[in-house]
């Protein structure tokens, strides 16, 4: 029997919070099938600071990347490595959704979705 492990090394974790704090974070599940994978089809790194919304087409309690439609639910707290296999269709992650002060330069697509973010996360600040 083969023993297979998956690991990744990231030299610099991106800090998405402006100030060290203990903001409200909740555990959610990313829908791995809703992300685009690398050319090898084996994995995809979803960066910290990715804006998340609820999945509207698959399992509706799973989250996917916000791309301009739907309602923003929060921001991915830490980068995650998603494997493109049928057994890894869901990936547990932490999402900030309230009372956080975000570093705008670390939010993926902040310039494009700034007004939607401010509206959807009224208890958060963006600096």
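The values are calculated or read from the model by the stated rules, or taken from the named source; none is laboratory data. It should be emphasised that the depicted structure is a prediction, and the values quoted were computed from it without experimental measurement. Cβ sites come from the backbone with ideal geometry, for glycine too, and all protein chains shown count toward neighbours.
Here residue 49 qualifies as under 15 Å from the mean Cα position of the chain (by Cα), buried (at least 19 other Cβ atoms within 10 Å of the Cβ), at pLDDT 70 or above and assigned to a loop (DSSP other than H, G, I, E, B). For the range 53-64, the set of residues classified as surrounded by 11 or more Cβ atoms within 10 Å (Cβ to Cβ) and either out of contact with any helix residue (DSSP H, G or I) (no Cβ under 7 Å at 6 or more places or on another chain) or part of a loop (DSSP other than H, G, I, E, B) (or both) consists of 53, 54, 55, 56, 58, 59, 61, 62, 63, listed by residue number.
For (1) in contact with a helix residue (DSSP H, G or I) (Cβ under 6 Å, 6 or more places away or on another chain); (2) closer than 16 Å to residue 25 by Cα; (3) modelled with pLDDT under 90, each residue gets a yes or a no:
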residue	(1), (2), (3)
66	no, no, no
75	no, yes, no
80	no, yes, yes
88	yes, no, yes
102	no, yes, no
105	no, no, no
116	no, no, no
119	no, no, no
124	no, yes, no
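Residues in the range 1-32 that are in contact with a helix residue (DSSP H, G or I) (Cβ under 9 Å, 6 or more places away or on another chain) and at pLDDT 75 or above: 15, 16, 17, 18, 32.
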